[in-house]
Amino acid sequence: MNRATALACANIAFIKYWGNRDAALRLPLNNSISMNLDHATTTTTVAFDATLNDDEIIIGGQAANDAPRARVVAHLDRVRALAHIETRARVHSQNNFPMGAGIASSASAFAALSLAATRAAGLELSERELSILARQGSGSACRSIPGGFVEWLAGTESANSYAVPLAPPTFWDLRDVIVVVSTTEKRVGSTDGHAAAPTSPFLATRLAALPARLAHVRRALFARDLAALGVALEQDALELHFVAMTSIPPIYYWSPGMVRVIDTARTWRAEGLGVYFTLDAGPNVHLICEAKDADQIAARARAIPDTHQVIINAPGGAARLVPEHLF
Ligand code: DP6
C-alpha cells in the first residue's frame, strides 16, 4: 500500500475566474490572480490499495456520496491514467474551515488531492504538471499549487493553462480577514455559475476590461500598494456578482448579512483604515488589509451582529507533503 498526505491552502482571488472556454477541461475565459490563505487548509491522505474493490472517499469524517464522490473519483481516474494503474484508493480529507460557505474549499481540496494521489501512485509531477492536473478537478485549485501570490494563465489548451507564482508569501504582509456570515451550503455551486456566465449580457463588458485590470493588479502587487490593489479588488468582486445576477436564470450569492459587512467596512475605510472587500461565490466577505491592521479589523468584524466567525489569513505557502497521515 502506497500512502501519501498533502496539505494545501485555499486561495482568495483578487481577479476572479468566472466562466470557461472549455468546461470539461476547465479552461477559463480569463487569467486570474490570487493569494493563498495560510489558515484555510485541506489535508488529504490517499492510499492506493489492491484489496479495495471500489474507491473509499471520506470527507470531514463522512463517506462522500453522489456528485462530490463522483468528482473525486473522476480525479483519481486522471491520476490512475497518468500512473497506468487501476488500483482503487482510500481517500480521507479534512478541512479546517466550513465547507461550501464562500471559502473556496474545492481549491484546497483538489490541490491537496492532486499532490497526495500522485505521490501515492508513485508519480513525481512538477509544479506546472500538478497545477494542470489540479485545474481539471476544480479550476481555482490550480492556483493553490504554487505558494504566495499566484497568476493562473488561461492558456489556449490544457498544457498551457496553469498557475505560476508571482511573488512568495513573504513578499507582502497582507491579511485576508474572512468574515463568515453564514456556514450553510451555498445554493448554486461555482461549476453551475461558470456554465451560466455566458448568458449574462454583462460578461463581454467584464472580459473587455480584464487585461487592463490584470496589469493594474500585478503593478499594485509588485509595488505593495494596497489602495491601488483595493480599488481593483472591489470592482472585480462586484463584477463577478453582477455577471452571476444577470445570468439566466439569475444566481444570487448576495445576502443581507454580506451587504451589511461590506457597508460597515466602507465606513471604517472612510475613517482612515486601509481595508478593502472581496467576495467569492458565497455569502462571506473577505477583508483585505495589511498585517498591522488585521487584529483591529477582526475585532471590529466580530462586533457586527451578522458575524459567525472571523478567520485571519496571512499569505500561504505552496501545496506540500506532510508526514502525519489521516489514517
Ligand atoms: C468565485 O474553481 O470553485 O471563487 O472549477 O467549477 O470548481 P470549479 O469552480 P471554482 O470557481 C471559483 C470561482 C470563484 C472565483 C475564483 O476563485 O477565481
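Bear in mind that the values in this text are calculations on the coordinates, not laboratory data. The structure presented is a predicted model; accordingly, all values stated were derived computationally and were not measured. All Cβ positions, even for glycine, are placed from backbone atoms using ideal geometry, and neighbour counts span all protein chains on display.
The listed residues are Val285, Val310, Val259, and the only one of them that is surrounded by 13 or more Cβ atoms within 10 Å (Cβ to Cβ) and farther than 10 Å from Val179 by Cα turns out to be Val259.
For Ser108, the test of being among the polar types (S, T, N, Q) and surrounded by 24 or more Cβ atoms within 10 Å (Cβ to Cβ) is passed.
Table: residues versus (1) surrounded by 15 or more Cβ atoms within 10 Å (Cβ to Cβ); (2) assigned to a helix (DSSP H, G or I); (3) without any contact (Cβ under 8 Å) to a residue 60 or more places away in the chain.
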| position | (1), (2), (3) |
| --- | --- |
| Thr170 | no, yes, no |
| Arg175 | yes, no, no |
| Ser182 | yes, no, no |
| Val188 | yes, no, no |
| Gly193 | yes, yes, no |
| Thr205 | no, yes, yes |
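Of all the listed residues (Gly155, Gly147), the sole one being under 16 Å from the mean Cα position of the chain (by Cα), surrounded by fewer than 24 Cβ atoms within 10 Å (Cβ to Cβ) and touching a residue at least 24 places away in the same chain (Cβ under 8 Å) is Gly147.
Within region 1-27, residues that are among the hydroxyl-bearing types (Ser, Thr, Tyr) sit with their Cβ atoms under 6 Å from residues that are away from the ligand (no atom under 11 Å from the Cβ), at 6+ positions apart or across chains, in these pairs: Thr5/Thr45; Thr5/Ala116; Thr5/Val322; Thr5/His325.
Quick one: which strands (runs of 3 or more DSSP E) sit completely within region 275-327 and have at least 1 residues that are among the acidic types (Asp, Glu) and out of contact with any His (no Cβ under 6 Å at 6 or more places or on another chain)? Before you say what the answer is, go through the steps one by one.
On the way: elements: 275-279, 285-290, 309-313.
In region 275-327, 285-290 are the strands (runs of 3 or more DSSP E) which contain 1 or more residues that are among the acidic types (Asp, Glu) and out of contact with any His (no Cβ under 6 Å at 6 or more places or on another chain).
Scanning region 229-259 for residues being in a loop (DSSP other than H, G, I, E, B), closer than 18 Å to Pro283 by Cβ and more than 21 Å from the chain's Cα centre (by Cα) gives a total of 2.
Is it the case that Ala13 is of a type in the set (Gly, Ala, Ser) and within 11 Å of the ligand (Cβ to nearest atom)? Against the criterion (of a type in the set (Gly, Ala, Ser) and within 11 Å of the ligand (Cβ to nearest atom)), Ala13 qualifies. All of (1) within 16 Å of the ligand (Cβ to nearest atom); (2) part of a loop (DSSP other than H, G, I, E, B) hold for Leu125 with one exception: (1).
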